[in-house]
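The values are calculated or read from the model by the stated rules, or taken from the named source; none is laboratory data. Note that this is a predicted model, so its numbers are computed, not measured. Cβ placement follows ideal geometry from the backbone for every residue including glycine, while neighbour counts extend to all protein chains displayed.
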Amino acid sequence: MPLYRCQMCGGEVIRKHDGLYMCLYCGSMQSFDFDFVGNGQSNVSAPTTEEEIYVGAQRLRASAKASNDYTTAAKQFQLIIGYKDASTLMSQCFQKAEELRIEETYEEACGLMNENNIHFMQQAAELFDTIPNFRDSVFKRAECREFVNRQQQTIIRKNAILQREMEDAEKKQKLLAAAVIGAIVLLVLIFTAIKNIH
Ligand SMILES: [Zn+2]
């Protein structure tokens, strides 16, 4: 049904009343140039009613699974506050969206932890930071930070060892060069001595 996309967020746009269109996602009102938009005008000849928005939002709410789905439904109810129980349903959807967002954040952080990698652990710690009151987030966050610290220490140690090895190799090379030069000088001296004897 929607023929247009919101210029702000890309959400579905419906016809509100003459000349004005409303984004179902962010609620922004926009006017569209019919000549520019072109075909399909007949589909938007009837303005979308509050009941249509209400029914659409109910449908979204019924099929919602993720946090974002509930946010979308909530924003549609928000567009028709005052109509039927839209206000109550909006609050419920926003609340459910927030609950799910926290759970999703927790799951994502746990997933990152399983990677056992310093970079992911750092990201996981930052995610746990945003949901300190949820389940064992505080402990998990500490676990991540500890892992990161340990890894950082290991890296520092490894770098120090590498640095020392490089320095040793350089020293050995210098010694070798000195020995070669010494040997050449010695040979030259010996040859000169032999030549002088003859
Ligand atoms: Zn929008």
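Structure values in brief
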read-out: Yes/no for residue 168 being assigned to a helix (DSSP H, G or I), surrounded by fewer than 16 Cβ atoms within 10 Å (Cβ to Cβ) and in contact (Cβ under 8 Å) with a residue 12 or more places away in the chain; value: no
read-out: Of all residues in segment 119-165 being in contact with a Phe, Trp or Tyr (Cβ under 6 Å, 6 or more places away or on another chain) and part of a helix (DSSP H, G or I), the one that is surrounded by the most Cβ atoms within 10 Å (Cβ to Cβ); value: 121
read-out: Selection status of residue 180, surrounded by 10 or more Cβ atoms within 10 Å (Cβ to Cβ), closer than 28 Å to residue 104 by Cα and not charged (D, E, K, R); value: no
read-out: Any helices (runs of 4 or more DSSP H) falling wholly within segment 1-111 and containing at least 3 residues that are over 35 Å from the mean Cα position of the chain (by Cα), at pLDDT below 95 and surrounded by fewer than 12 Cβ atoms within 10 Å (Cβ to Cβ); value: 34-37
